[in-house]
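Colleague: First the structure, which I've put down as structure tokens, then a few questions once you've had a look.
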Amino acid sequence: MTKTIKIGIAGLGNVGTGLIERLQEQETLRLGGDVEIVGISARNRSRQRPVDISGYDWFDDPVALAQSENTEVFVELMGGADGPAKLAVEAALKLGKPVVTANKALIAEHGEELAALADASGTPLLFEAAVAGGIPVVRAIRESFAGTQIKSLRGILNGTCNYLLTEMKASGRSYDDVLADAQRLGYAEADPFLDVSGTDAAHKIAILASLGFGVPLDFSQVDISGVDTISLKDLELSAKLNHKIKLIAEATNTEAGVICRVEPVLLPLGSPLAQIDGPLNAVMVETVHAGNYTLTGPGAGSHPTASAVLGDLAALLSDQNKQVLGLHVSELTTQFCDKSAQDSVLSKYLIRVDLEDKAGALASLTEELAKSDVSVEALLQDSAEGSEFAPVAIVTHACSHSAAESALSKINALSAVPNPARLIRIEAS
């Protein structure tokens, strides 16, 4: 006998309407049963949408939809870490109703609390769509890689930032110009802060770190830098050094604990992540026993993300129910690396500076580097092209982050440096 689950959908943006469209033709899918939509909710009932929703019961309040006796599974696609999304998910879990969500902010900032609610009653809380769109990375890390020790998780987890960096380099246009284009094309939000600041990618890597390493789901432990300070000249000089700049989200298990960060990084051209251009996402999984893997695909969009939601619904139809975070919340005992201990990890850095085009300026710059015990591996000075200032790129030998920061501070104090210099970590070849 075919199993049927009755779902309520809260949130009718691109993902919500994409999900309804797919469910309206679900006979073409392999879900293992039937999914019936018994109610919907959104902020604006009268808004024009690309799918017909007239046949579904409307709820002004998503909490009422979650609590409705007809709703067996609550699908939350509203977004936002707090407010109606959190209240509605809590209401469903307290009633023992499975929840499927695409809300990375909610999971990253309240995931432990919600997982504890779900674990207490054995209620599924599924969020494949919250990380990397249609790439099945959550299920892979929680289940497929459960039999091996993960050393690191690294990836490009924000398609907006990846599109901006790719298009700036390809077109030779400025950050502001390309961002305006991305907003027109729908790759960037009208307010792009969460994307370009690195916050969106940080939500995602916080979730993956908890799944992969058993650390508490603690968003505050992620060090975050975005792409909003990256210039076209940074990209051009990096290319001359045979590198690309990408916004990398990374979680690494070290002897001192788990390091979790999001920042622009210089990647060698041969790196798998350097090949990921445009709005695509990718996740590299480095394991102790099973080798290394790179998963790539669309990181956003109505149909890729709706496919991830449908995958979670298929799991419910087949009665699969794993621990929300792979372990009970009480078993999340791995520690994050103390911030002071992170400085013992040595890296090469790119210091990008505009330097006054006059005699002695370059010598004064290298002298300040030496005062911070930072040595130069390579130096590239580009043409001033009629300007008073010449773009300079310095590749350091491996040093601590505090030493690199100290050098940067000294460089910025020089009268020959008109604008703040930039410090970007370089991935080892």
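Colleague: May I ask for the Rg/Rh ratio of the chain, computed from Cα atoms with Rh as the Kirkwood radius, given to two decimals?
Modeller: 1.03
Colleague: Place the peptides 232-239, 179-186 in order of packing, highest mean first, counting for every residue the other Cβ atoms within 10 Å and averaging per peptide.
Modeller: 232-239, 179-186
Colleague: Hey, any idea what % of the stretch 201-260's accessible area is carbon plus sulfur with a 1.4 Å probe?
Modeller: The nonpolar share, carbon plus sulfur, comes to 46 percent.
Colleague: Can you send over the solvent-accessible area of Val35, 1.4 Å probe, protein chains only, in Å² to the nearest 10?
Modeller: Ignoring ligands and nucleic acids, Val35 comes out at about 10 Å².
Colleague: With both bridge residues required to lie in the chain, what share of the DSSP beta bridges run antiparallel, to the nearest 5%?
Modeller: 70 percent
Colleague: Quick one: with all protein chains in place, what share of the accessible area of the stretch 4-139 is carbon or sulfur, to the nearest percent (1.4 Å probe)?
Modeller: Carbon and sulfur atoms account for 44 percent of the accessible area of the stretch 4-139.
Colleague: Here is a follow-up. Set Lys and Arg Cβ to +1 and Asp and Glu Cβ to -1, take the dipole of the chain about its Cα centre, and tell me which of Ala428, Ser318, Ser383 lies farthest positive.
Modeller: Checking the options against the dipole of the chain, the answer is Ser318.
Colleague: Could you report the stretch 96-153's accessible area per residue, 1.4 Å probe, as an integer in Å²?
Modeller: Accessible area per residue: 28 Å².
Colleague: How much accessible area per residue does the stretch 303-426 have, counting only protein heavy atoms and a probe of 1.4 Å, in square angstrom?
Modeller: Accessible surface, normalised per residue, equals 47 Å².
Colleague: Could you tell me the distance between the Cα centroids of the stretch 392-425 and the stretch 68-121, to the nearest Å?
Modeller: Each part reduced to its Cα centre gives a spacing of 45 Å.
Colleague: Additional query: Tell me, what % of the accessible area of the stretch 284-429 is carbon and sulfur with a 1.4 angstrom probe?
Modeller: Carbon and sulfur: 50 percent of the exposed surface of the stretch 284-429.
Colleague: Over the stretch 272-429, what per residue volume does the convex hull of the Cα atoms give, in whole Å³?
Modeller: Spread over its residues, the Cα hull of the stretch 272-429 gives 197 Å³ apiece.
Colleague: Please give every one of the lysines within straight-line cross-link reach of Lys322, meaning a C-alpha to C-alpha distance under 26 Å, and leave out same-chain neighbours fewer than 8 residues apart.
Modeller: Within reach: Lys3, Lys6, Lys86, Lys94, Lys97, Lys104, Lys151, Lys204.
The values are calculated or read from the model by the stated rules, or taken from the named source; none is laboratory data. None of the values given here were measured: they were computed from a predicted structure. As a convention, Cβ positions derive from the backbone with ideal geometry for all residues, glycine included, and neighbour counts pool all protein chains shown. Quick note on the areas: whole protein, heavy atoms, side chains included, nothing else; ligands and nucleic acids left out. Shrake-Rupley method; radii C 1.70, N 1.55, O 1.52, S 1.80 Å.
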